[in-house]
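The values are calculated or read from the model by the stated rules, or taken from the named source; none is laboratory data. This is a predicted model, so every value here is computed, not measured. We place every Cβ from the backbone using ideal geometry, glycine too, and count neighbours over all the protein chains shown. Areas reflect the complete protein model, heavy atoms only, side chains present, ligands, DNA and RNA absent. Shrake-Rupley method; radii C 1.70, N 1.55, O 1.52, S 1.80 Å.
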Amino acid sequence: MDQKPLRVIIRVCVTEIPGERENRVYRLGTDFCMQHLNRPLNNNLQAECHDAVHFLPNFDSENDVRAWFIYDFNVTGSLERAQILEIQHRVYHSTRQGESIFTPRERWMVEARKYCSMYTWGGSYKTE
C-alpha cells in the first residue's frame, strides 16, 4: 500500500452526502477511500499512519450549499507549510448518482492548494 502523504480536496453540494449532517465528512472520506485508495478511511489518530479530516465551514449545513472538504492521507507526523505545498494534491468535484462520483478538477488546483495551505497537515488535535 502506498503510504506517501496525499492531500485531497473535494467540492460537493453538502445535501448530496447521505447520512447525518455531522457524519458527512466521514461518509465522503470513506467513499473516496474505497473508490480511489482501495482501502477504508483510517481515522484512528493513535495509529502510526492515519488519515485526517478537516471540518470546514458549511460541512453540516441544512441548506443546499457547496463546500470544500479536505482530507490528509497517510499522516505520520506534522509538516511545515512549505512541505505541505510540496506533497501531492488532488482536487475533485463530487456528485451523487446512487454512489459518490469523484471527477478530477485540475483547473481548480491552484486556487484549492492556495486556500487549503492555511490548514495544518493532519489537522489540529489538542489533547489535555
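Taking only Cα atoms and a 10 Å spring cutoff, compute GNM fluctuations for the chain and point out the largest among Gly77, Gly98, Gly29.
It is Gly98.
Can you tally the net charge around Pro57? Count Lys and Arg as +1, Asp and Glu as -1, for every other residue whose Cβ sits under 15 Å from the Cβ of Pro57.
After counting each charged neighbour, the total is +1.
Report the label-to-label distance for Asn63 and Cys49 in nanometres (one decimal), using points 7 Å from each Cα along the Cα→Cβ vector.
The modelled label-to-label distance comes out at 4.1 nm.
With Cβ to Cβ distances under 12 Å as the rule, what net charge do the other residues near Ile101 carry (K, R +1; D, E -1)? Numbers along the way, then the final one.
On the way: positive: Arg96; negative: Glu16, Asp31, Glu99.
Net charge around Ile101: -2.
Computing the accessible area with a 1.4 Å probe over protein heavy atoms, can you report the carbon and sulfur percentage for the chain?
After summing per-atom areas, the C and S share lands at 45 percent.
Per residue, how much accessible area does region 78-128 have with a 1.4 Å probe, in Å²? Each step should come with its number before you reach the end.
On the way: 3730 Å² over 51 residues.
With the other protein chains kept in place, region 78-128 gives 73 Å² per residue.
If you add up the charges near Tyr26, with Lys and Arg at +1 and Asp and Glu at -1, over every other residue whose beta carbon is less than 13 angstrom from its beta carbon, what do you get?
-2
DSSP beta bridges in the chain, what fraction antiparallel, as a percent rounded to 5?
Percent antiparallel among DSSP bridges in the chain is about 70.
Pairs of Cα atoms under 8 Å, at least six residues apart: use those to get the relative contact order of region 1-80, whole percent.
Relative contact order comes out at 42 percent.
Expressed in whole Å with the largest first, what are the equivalent ellipsoid semi-axes of the chain derived from the C-alpha gyration tensor as the square root of 5 times each eigenvalue?
Details: eigenvalues 94, 55, 46 Å².
Largest first, the chain gives 22, 17, 15 Å.
Per residue of the chain, what 222 nm ellipticity follows from adding -39500 (n - 2.57) for every DSSP H run with n ≥ 4, rounded to the nearest 500?
Helix contribution divided over all residues of the chain: -4500 deg cm²/dmol.
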